[in-house]
Amino acid sequence: MLKILCIIIVLLPSFSFAEEHWATGGWNCRHWGAIRLFEKPYKFATDLDPEGFLQNYGVWQDFDQHSVIIVWESGKREIIAKEGNKYYQQTAYSFGIASNIEEIKKTIKEKDE
């Protein structure tokens, strides 16, 4: 069931927009680095190693009020979801789910100007 949900999430474009871009900022989604979601001038993402070197880049969009999808240039997709005061992440490729759902922390909380 979760695999089907992920495929639907990855394949369907989002037509709903979150009131506030809670996802904007830095996330500790990597055991060896972090991802950063920016809002302006458009929604893009960077994947950085611990030294700050760029490993991947992509774009993100709102799926609904509580989750976003990141589509990386490498073809990998990541979902970040908010549930109450906790945040979760899962990785997927076109062939299916590539990771378990993991709790993550927001490392940079301010919105980008």
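Read-outs throughout are calculated quantities, based only on the coordinates presented, and are distinct from any laboratory measurement. These numbers come from a predicted model, not from an experiment.
So the values come out like this:
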item	result
Among the listed pairs Lys40/Lys86; Lys40/Lys105; Lys43/Lys86; Lys86/Lys106; Lys76/Lys109, those beyond 19 Å (Cα-Cα)	Lys40/Lys86; Lys40/Lys105; Lys43/Lys86; Lys76/Lys109
Segment Lys109-Ser94, extension gain: residue separation times 0.36 nm, minus the distance between their alpha carbons	2.4 nm
J(HN,Hα) series, the stretch 22-36, from Karplus relation 6.51 cos²θ - 1.76 cosθ + 1.60, nearest Hz, glycine and proline x	4, 7, 4, x, x, 10, 8, 7, 10, 6, 10, x, 7, 10, 10
